[in-house]
Amino acid sequence: MASGGAGAVWRERIRRYERSGLTVTRFCEQEGVSAPSFYQWRKRLAARSAPSFQQPAFQQLTLATGGGVMAIELAGGARMELPAENLPLVRAVVAELLQAERLRSQGEA
């Protein structure tokens, strides 16, 4: 388990990333940290703050700047990048993820 100091530093770093509009790769280059460390810390901190009774199918839907890409990051760490201008495709993917989450949660009930 990480120390509170490192966790606090990474919490603030992740907040800066969320406000930055940058891709993870570009943000990490600017911060001087590795992308794998970023993903590991984000997952670790999300696990600490998420309710233990339910893990969402996807954690975050972000619009990455530059290149018009919509990035969907899944709970397991997988990442899908879709063309942001193809809204029907983005909507269909999100609808499928929500449906899968509903089915999963019904199976746990």
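No value in this document is a laboratory result; all are computed from the given coordinates. These numbers come from a predicted model, not from an experiment. Glycine also receives a Cβ, built like all others from the backbone with ideal geometry; neighbour counts cover every protein chain displayed.
Assorted remarks:
- With neighbour counts taken as other beta-carbon atoms within 10 Å, the residues 70, 80 rank, fewest first, as 80, 70.
- Neighbourhood net charge (14 Å Cβ-Cβ; Lys/Arg +1, Asp/Glu -1) for residue 31: +4
- Taking amide H as placed 1.01 Å from N in the peptide plane, residue 23 has its amide H under 5 Å from the amide H of 65, each at least 5 places away in sequence or on another chain.
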